[in-house]
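Reviewing the structure listed below.
The values are calculated or read from the model by the stated rules, or taken from the named source; none is laboratory data. Since the model is a prediction, treat every value here as computed from it, not as a measurement. Don't worry about glycine lacking a Cβ; one is built from the backbone with ideal geometry, like all the others, and counts go over all protein chains shown.
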Amino acid sequence: MNSQAETWWTVRTRSPRVGVVSNQDPTVNAGDIARLADVGRAAVSNWRRRHEDFPRPVGGTASSPLFSLREIQDWLRRNGKRHRLSDADLAWQRLRASGDDLRLGHLVGRAGAFLLGLRDPALRKGLPGDPGDLDDPGLARLLTDLAEERGHREAFEFLCERYAEAHSRQLFVTPAPTAALMSRLALPAGGGTLLDPACGVGTLLLAEGAPGGRPARALGQELGEAAALISAVRLRLAGLEAHIVAGDSLRDDALDGELADAVVCDPPFNERAWGHAELTGDPRWEYGTPPRGEPELAWVQHCLAHVRPGGLVAILMPTAAAGRRPGRRIRANLLRAGALRAVVTLPGGGPDLWLLRRPVPGERPRSHILLMEAEDLSAVPAAWEAYLADPEAPPAVRIIELLDDDVDLSPARQRLRERGPDLGADFAAALEAFSAPSAGPPELDVLDEPQRPPTTTIGELAKAGLVTVHHSPVRPPSGDGETPVLLADDLVEGTTPTGRAPYDSGLTELRAGDVVASPIGHVRVLGEDLEPGTVLGPNLTLYRVDPERLDAHFLAGFLRSADLRPNVSHSRLDARRTRVPRLSLRGQRAYGEAFRRLAALEDEVRRRAELGRTLVRLGFDGLIDGHLRPRSRPEVPHAHR
C-alpha cells in the first residue's frame with residue numbers, strides 16, 4: 001500500500017458530509033443498499049430516479065451520497081422489497097456513524113484495538129499512537145457479538161474490507177496477487193523477519209505467498225497513525241509478532257538499526273517532497289545521493305539498509321525509474337555491486353518489480369541481471385528460480401552491456417535489443433495473420449414481430465432425461481498432479497485446461513459435446529480436441545445432453561442468457577428455471593448452428609483483438625528500433641501559381 005496515501009486524503013480531501021446525522025441513525029451508501037436488498041447497484045440508481053418517495057441523501061457527495069439507514073429500511077418495507085441487515089453490517093454502520101468520514105480510519109483502528117483487547121488485553125501493549133477506548137457502549141456490544149460469531153480476526157477483517165470500499169478512491173492497497181508474489185520471492189523458506197517501511201494497512205506483511213508461509217516476525221513503519229494502527233491490529237490478530245510504528249520512514253527512520261531477513265515495499269511514487277535537501281549525506285545513500293526527482297531510488301536504498309547481508313528486497317517501482325537519466329549513476333552502482341538482481345515489468349505494462357540482494361562482504365558480484373516482461377504473474381517465480389540456478393542463462397542479460405550512458409534497465413528496451421533483425425519479420429507475419437479471412441456471422445432473418453414458440457425449463461428437461469446436470473466441487477482440488485482441470489479462465493479464453501490436480505474418482509470427467517457454464521455467463525461446448533481425462537474445475541457447472549433428443553449448441557445458446565449466480569440456499573449454480581423453446585431436433589440444430597457460428601465469431605474477434613495489439617506493439621517497436629520505416633510515396637509536385 002502507498003504509505004503516503006492515507007495522510008494525503010486526510011489532509012486534502014474536504015469533509016464528505018453535507019448534513020448532520022446522529023449516532024443513533026447510521027448511514028448507508030448505494031453499495032450498502034444493494035447488499036441490504038440483494039440487488040445490483042444499478043437497481044438502486046433506478047429506484048432513486050423512478051420513485052419520488054425514495055429517501056433524500058443526508059450526507060456524502062453528489063457522486064457518493066449517504067442515506068439514513070432507518071429511512072432506507074422504512075422505504076424498502078413500504079415498497080415490499082425484502083431486505084436483511086446482518087449483524088456485521090449493523091456493527092459497521094454503527095461504527096461509521098460514530099464520527100465523520102475524515103476520521104474513519106481512526107475509528108476502524110480503535111475498533112480493532114477493542115477487538116484485540118477482547119482476545120487478549122496484553123496484545124494491546126505497544127500499539128502505535130493511543131487508540132483509547134470505545135465511546136459507544138452499543139458499538140462495543142455489537143463488536144463483541146460479531147467477534148463471538150466470526151472470530152476476532154475475521155470480525156476486524158470485515159471492518160477493514162468495508163473501510164477500503166468506503167474510501168476506494170483514496171486508499172491505495174497493493175493487489176493481493178502482487179503482494180503474494182513479492183512475499184514468495186523475498187521471504188526465506190524458513191520465515192524469519194519481514195519488514196515493510198511503507199506498510200499501509202499491512203497488506204504486504206500479511207500476504208501469504210512464501211514457501212514457508214508467513215514471517216515469524218513483522219516490522220513496519222507507516223506515515224499515517226490510523227493506517228499504522230490498523231496494520232498493527234491486523235498483524236497481531238493474525239498471530240504474528242508485530243512491531244509497527246507511525247512516522248515518516250525517510251525523514252525519521254524509527255526502525256534505524258533493525259535488519260530484517262527480507263524487505264517488501266510498495267512506496268509512494270513521484271513524491272517530490274520526500275526530504276531531499278535535509279537528507280543530503282545520509283549514510284543510507286550507499287549507492288549515491290538520490291536526485292530530487294528520484295524518490296523511488298531513496299526508497300530502494302532505505303530498504304537495502306534494513307536487510308541483512310544476503311537478504312532480499314522486493315520493491316514496486318514506476319516503469320520510468322528503470323530508464324530516467326537522473327538516476328543512471330545509482331542504477332549503475334547497484335549493478336556493479338551486484339545488488340540489483342532483477343527488473344520485472346508486471347502484467348498490464350507495470351509497475352516494475354525490482355528484486356535486490358544486499359551484498360555479502362567479500363563475495364563476487366554477479367555478471368548478469370534478469371530483465372523480464374511478465375504476461376502473467378505465475379511466470380515470475382519460475383523465471384526467478386531459473387535465474388538463481390543459472391544466472392547466465394537467457395533471458396538474463398550481461399551487466400556490462402547495460403553500463404552505457406543511459407543505464408536503461410527497462411525490460412521493454414531489452415526486448416527491442418533482443419528482437420534485432422527478427423522484428424521486421426515478426427511484424428510482417430502478424431500483419432498477414434491479421435489480414436487473413438475471419439469467421440463471419442450466421443445468416444439470420446429479421447422479423448417485424450418477434451415469434452416465440454412454447455417454452456420449457458432446463459429443470460423440466462432434466463426431469464425428462466434430456467440433460468444431466470453435474471456441479472463442480474466447491475473448493476478446487478488441492479495438490480499437484482497429472483489430471484487436467486478445466487478452470488473458469490480456460491472457459492473464457494477457449495484454451496486447453498491449465499489446472500492440474502491429483503487423480504480423484506470423485507471428480508467429474510468431461511467429454512466432447514459437454515456444455516460447461518461459469519457463474520458470470522461464459523458458456524462453451526467442448527470439442528473433440530478436449531484433453532483426455534480432463535475434469536470439471538471449481539465454480540463450473542456441466543450440462544450433458546442426450547444428443548438424440550437435445551442439441552448441445554442449442555442449449556448453450558440459451559444458457560448464455562441465464563442467471564447463473566449461486567443459489568442463496570446451497571451456493572450451487574442454478575439454471576433450472578432458464579426457459580428454453582420447445583422445438584424439434586431439426587429446429588434445435590438450426591438454432592444451434594447459429595449459436596455455434598456466433599460463438600466462433602466471438603472467439604475470432606478475441607483472436608483478432610490480440611493480433612491487433614501485437615501488430616501495434618511490433619509496429620511501434622520496429623519504427624523506434626529502425627527495423628521498420630514508413631513506406632515512401634511518390635511526391636506530388638506543387639502546382640505553380
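Worth a mention:
- Any hit, the range 463-484, residues being of a type in the set (Asp, Glu) and within 27 Å of the chain's Cα centre (by Cα): yes
- Qualifying residue in the range 279-296 (condition: outside any loop (DSSP other than H, G, I, E, B) and either in the same structural domain as Leu185 (by TED's automatic domain parsing) or among the hydroxyl-bearing types (Ser, Thr, Tyr) (or both)): yes
- Any hit, the range 415-428, residues being hydrophobic (A, V, I, L, M, F, W, C), within 30 Å of Ile624 (Cα to Cα), assigned by TED's automatic domain parsing to the domain that holds Trp299 and free of Cβ contacts under 8 Å to residues at least 40 places away in the same chain: no
Yes or no, residue by residue, for (1) in contact with a Pro (Cβ under 8 Å, 6 or more places away or on another chain); (2) more than 24 Å from His553 (Cα to Cα); (3) at pLDDT below 85:
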{"residue": "Asp448", "(1), (2), (3)": "no, yes, yes"}
{"residue": "Ile458", "(1), (2), (3)": "no, no, no"}
{"residue": "His470", "(1), (2), (3)": "no, no, no"}
{"residue": "Val474", "(1), (2), (3)": "yes, yes, yes"}
{"residue": "Gly479", "(1), (2), (3)": "yes, yes, yes"}
{"residue": "Val485", "(1), (2), (3)": "yes, no, no"}
{"residue": "Ala501", "(1), (2), (3)": "yes, yes, yes"}
{"residue": "Asp514", "(1), (2), (3)": "no, no, no"}
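- Output for the range 492-512, where each listed residue is assigned to a strand (DSSP E or B) and of a type in the set (A, V, I, L, M, F, W, C): Ala501
- Scan the range 206-218 for residues that are more than 15 Å from Ala180 (Cβ to Cβ) and either surrounded by fewer than 24 Cβ atoms within 10 Å (Cβ to Cβ) or free of Cβ contacts under 8 Å to residues at least 12 places away in the same chain (or both) and the total you get is 2.
- Look at the range 224-235: where a residue is closer than 13 Å to Gly247 by Cβ and a partner is charged (D, E, K, R) and in a helix (DSSP H, G or I), sitting 6+ places away or on another chain with Cβ atoms under 6 Å, you get Gly224/Glu6; Ala227/Glu6.
- Some residue of the range 342-355 being free of Cβ contacts under 8 Å to residues at least 60 places away in the same chain, assigned by TED's automatic domain parsing to the domain that holds Glu258 and over 32 Å from the mean Cα position of the chain (by Cα): no
- Taken as a whole, the condition of being surrounded by fewer than 13 Cβ atoms within 10 Å (Cβ to Cβ), closer than 26 Å to Pro547 by Cα and at pLDDT 80 or above applies to Pro441.
- If only residues of the range 246-278 that are in a strand (DSSP E or B) and out of contact with any Asp or Glu (no Cβ under 8 Å at 6 or more places or on another chain) are counted, the one that is surrounded by the fewest Cβ atoms within 10 Å (Cβ to Cβ) is Asp261.
- Failed item in (1) within 29 Å of Ala34 (Cβ to Cβ); (2) in contact (Cβ under 8 Å) with a residue 24 or more places away in the chain; (3) surrounded by fewer than 17 Cβ atoms within 10 Å (Cβ to Cβ), with Glu161 passing the rest: (2)
- Qualifying positions in the range 88-139 - in a loop (DSSP other than H, G, I, E, B) and under 21 Å from Ala218 (Cβ atoms): Asp120, Lys125, Gly126, Leu127, Pro128, Gly129, Pro131
- Residue in the range 533-540 that is modelled with pLDDT of 90 or more, part of a loop (DSSP other than H, G, I, E, B), of a type in the set (Ser, Thr, Tyr) and surrounded by 13 or more Cβ atoms within 10 Å (Cβ to Cβ) present: yes
- For His522, the conditions (1) in the same structural domain as Leu559 (by TED's automatic domain parsing); (2) over 35 Å from the mean Cα position of the chain (by Cα) all hold with the exception of (2).
- Scanning the range 137-155 for residues that are touching a helix residue (DSSP H, G or I) at 6+ places or on another chain (Cβ under 7 Å) and farther than 10 Å from Ala88 by Cα yields Gly138, Leu139, Ala140, Thr144, His152, Arg153.
- No other residue among Glu385, Glu392 is in contact (Cβ under 8 Å) with a residue 24 or more places away in the chain and not aromatic (Phe, Trp, Tyr) apart from Glu392.
- Count of the range 306-342 residues which are among the hydrophobic types (A, V, I, L, M, F, W, C) and closer than 19 Å to Leu204 by Cα: 7
- Yes/no for Thr203 being within 30 Å of His276 (Cα to Cα), out of contact with any helix residue (DSSP H, G or I) (no Cβ under 8 Å at 6 or more places or on another chain) and in contact (Cβ under 8 Å) with a residue 60 or more places away in the chain: no
- Pairs, first in the same structural domain as Thr468 (by TED's automatic domain parsing) and over 16 Å from Thr457 (Cα atoms) in the range 564-586, second assigned to a strand (DSSP E or B) and modelled with pLDDT under 90, C-beta under 7 Å, six or more apart: Pro566/Leu573; Arg572/His471; Arg572/Pro566
- The set of residues in the range 360-376 that are assigned to a loop (DSSP other than H, G, I, E, B) and buried (at least 17 other Cβ atoms within 10 Å of the Cβ) comprises Arg366, Ala374.
- Among the residues listed as Leu356, Leu316, the single one being on the phi < 0 side of the Ramachandran plot and out of contact with any Asp or Glu (no Cβ under 8 Å at 6 or more places or on another chain): Leu356
- Flag for Gly327 being over 22 Å from Ser378 (Cα atoms) and in a strand (DSSP E or B): no
- Any chance Thr468 is of a type in the set (Val, Ile, Thr) and within 29 Å of Arg608 (Cβ to Cβ): no
- Counting the residues of the range 284-297 that are farther than 23 Å from Leu370 by Cβ and under 27 Å from the mean Cα position of the chain (by Cα) gives 1.
- Checking the range 413-423 against the condition returns a match, with at least one residue being surrounded by 15 or more Cβ atoms within 10 Å (Cβ to Cβ) and in contact with a strand residue (DSSP E or B) (Cβ under 7 Å, 6 or more places away or on another chain).
- For Val343: the one exception among (1) modelled with pLDDT of 95 or more; (2) more than 22 Å from Ser249 (Cβ to Cβ); (3) out of contact with any Asp or Glu (no Cβ under 8 Å at 6 or more places or on another chain): (3)
- Criterion (modelled with pLDDT under 95 and under 18 Å from Thr174 (Cβ atoms)) met by exactly one of Gly349, Gly281, Gly323: Gly349
- Only one entry in Ala179, Ala189, Ala155, Ala164 is at pLDDT below 90 and part of a helix (DSSP H, G or I), namely Ala164.
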